[in-house]
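Encoded as structure tokens, the structure appears first; notes follow it.
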Amino acid sequence: MFVAEKSTGHLIEVLDTRGLFDPHEHRIKGSLHYGEEAQDPEFYDKSELSFPSGESLPQCWTDPHYRRKN
């Protein structure tokens with residue numbers, strides 16, 4: 001699965017989808033796809049990521065208290 005950095009639009013291959021879907025995890029492990037080959041895995045803050053289309057990640061993936069808000 002790929003997501004994008006909001007600031008640059010560069011694609012990041014998510015290496016831990018469980019962490020992406022878990023609202024208690026604030027960072028995910030991914031590999032930046034920029035240039036001719038994928039870069040070494042790094043951790044990325046989910047708040048700095050979006051879908052490649054530019055759409056934000058679902059709130060249920062980023063906020064563990066999303067159901068408690070009015």
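The values are calculated or read from the model by the stated rules, or taken from the named source; none is laboratory data. Fair warning: this is a prediction, and the values are worked out from it, not measured in the lab. Cβ: placed from backbone, ideal geometry, glycine included. Neighbour counts: every protein chain shown. Just so you know, the surface numbers come from the protein's heavy atoms only, side chains and all, with ligands and any DNA or RNA stripped out. Shrake-Rupley method; radii C 1.70, N 1.55, O 1.52, S 1.80 Å.
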Would you check if residue 31 is outside any helix (DSSP H, G or I) and either in contact (Cβ under 8 Å) with a residue 40 or more places away in the chain or open to solvent by 50 Å² or more (accessible area, probe 1.4 Å) (or both)?
-> no
Please tell me if residue 16 is open to solvent by less than 70 Å² (accessible area, probe 1.4 Å), at negative phi, at pLDDT below 95 and not small (Gly, Ala, Ser).
-> yes
Could we say that residue 13 is of a type in the set (Asp, Glu) and part of a strand (DSSP E or B) here?
-> yes
